[in-house]
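Notes to accompany the following structure.
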Ligand SMILES: Cc1cc2nc3c(=O)[nH]c(=O)nc-3n(C[C@H](O)[C@H](O)[C@H](O)COP(=O)(O)OP(=O)(O)OC[C@H]3O[C@@H](n4cnc5c(N)ncnc54)[C@H](O)[C@@H]3O)c2cc1C
């Protein structure tokens, strides 16, 4: 076996929505640092290539509203930001969040009060409004909802491609099939080892999402991050019938009709964290029951395929952005929502890695030490879409 030795100034591990966004954001600061991104798999192998493609500003916590609003505004101008003609198939078709009881409805209303302070154009919806928007919904059990026309869907593969090309143009080196097994302190920096060989570097940014602790545990710098298996299915194409992205808090389902007419259903069910992330044989049966209850008007559609993926979860289901106990080793973990927060996360992490800190209050709130300090942050509108 041949092994290689490389050197860079900043090593980013993981080439998903977070890793590539961080790489581009660091590179555009023009510090002269040699930046390398490595990924164990191939292009879009992680959760970014398996997700439901949705983005929304409708959250109930200031930090989530700000992260997503900034990211969506970035998507709106991505052709210019990343010099990517054709864009990322962004469709601001809106997100319709459904409430099945008064408590859920109140949470949506409270969240809207906060959203409006940040100019998020969300509106309250009656059950009739919801049914007018999506006639295939089951009217039983819908007590109302919320809608924001700035939310929507985009193509995560094109997003990754755009970032990859823009980062490469700025001199970032990206290597796939390059798994890092260990980080070893060396001098003032680190040696990252894998079967391919080793990379010496001054700073490391871990963007491997749910797998982040694997590299930190042996240094007793582990963080409470696990991988939650999630499953999705895509139907045969059909006539336009679901314009907005629909999220049912009760059913833990997100529904989006994509450009070619197929409908993508992301269905979350209780599965043990850390288990096999692939779609399980009983998934179709489970999803079928849920869909029959939520959207009986779509239950005749043939399923083209199902798939699974893992998403990171933390004790408060919020991301982790910051320097770990290992000096010069940073971590950016999405804790779900990593597609819709990627641009803002990349901006914040670039500030941290280049300057040693970010003045954005989000960085302070999502710091890695909050779990041991008991400073958890909870999102009232958390539904895993
Ligand atoms: C079914 C499903 C639906 C979802 N729907 C949405 C949605 O609609 N909207 C949304 O915003 N989010 C959604 N998410 C969550 C979102 O996809 C993730 O939060 C996001 O993709 C995480 O991005 P990332 O770059 O951190 O991780 P990833 O995209 O997973 O990238 C991490 C990369 O690290 C690499 N890696 C891991 N370990 C190593 C190692 N030791 N050495 C080198 N490389 C390594 C992996 O190969 C991988 O490519 C969904 C997730 C799933 C699974």
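Once the Cα atoms are used to define both axes, helix 62-76 deviates from the longest principal axis of the chain by about 90 degrees. Each Cα pair under 8 Å and six or more residues apart adds its sequence gap; the mean of these over the residue count of the range 66-177 is a relative contact order of 35 percent. Taking 294, 205, 97 as the candidate residues, the one with maximal mean-square fluctuation in a Gaussian network model of the chain, Cα springs under 10 Å, is 294.
Calculated FRET efficiency, residue 303 to residue 77, Cβ-Cβ distance, R0 = 35 Å: about 0.45 to the nearest 0.05. Compute the helix-to-body angle for 283-294: its Cα long axis versus the longest principal axis of the chain, expressed 0 to 90° and rounded to tens. Taking Cα atoms only, the helix is inclined about 40 degrees.
Once you reduce the range 94-139 and the range 235-249 to the center of their Cα atoms, the two points are 17 Å from each other.
Using 0.36 nm per residue and subtracting the Cα-Cα separation, the extra length available between residue 243 and residue 117 on full extension is 42.7 nm.
Length gained on full extension, residue 375 to residue 219: 53.8 nm, using 0.36 nm per residue less the C-alpha separation. The protection proxy used here, the mean number of other Cβ atoms lying within 10 Å of each residue, ranks peptides 19-25, 283-289, 260-266, 54-60 as follows, highest first: 19-25, 54-60, 260-266, 283-289. Under the criterion of Cα pairs below 8 Å and six or more residues apart, the relative contact order for the range 5-84 equals 25 percent. Tell me the angle of helix 17-27 to the major Cα principal axis of the chain, expressed in degrees between 0 and 90 and rounded to the nearest ten. Compared with the principal axis, the helix lies near 50 degrees. Rounded to the nearest 0.05, the FRET efficiency derived from the C-beta distance between residue 250 and residue 170 at R0 = 56 Å is 0.80.
For the chain, the relative contact order works out to 24 percent when only alpha carbon pairs closer than 8 Å and six or more residues apart are counted.
Using a 7 Å offset from Cα along Cα-Cβ at residue 7, what residues in the range 189-220 end up with backbone N under 17 Å from the label point? Backbone N within reach: 189-193, 198-204. Take every DSSP beta bridge whose two residues both sit in the chain; close to 70 percent of them are antiparallel.
Once fully extended, how much extra length lies between residue 131 and residue 177, figured as 0.36 nm per residue of separation less the alpha-carbon to alpha-carbon distance? Value of the extension gain: 11.8 nm.
Comparing 324, 268, 372 in a Gaussian network model of the chain where C-alpha atoms under 10 Å apart are linked, the largest mean-square fluctuation is found at 372.
Only the coordinates and a few stated rules stand behind these numbers; no lab work does. Because the structure is predicted, anything quoted here is derived from the model rather than measured. Positions of Cβ are backbone-derived with ideal geometry, glycine not excepted, and every protein chain shown enters the neighbour counts.
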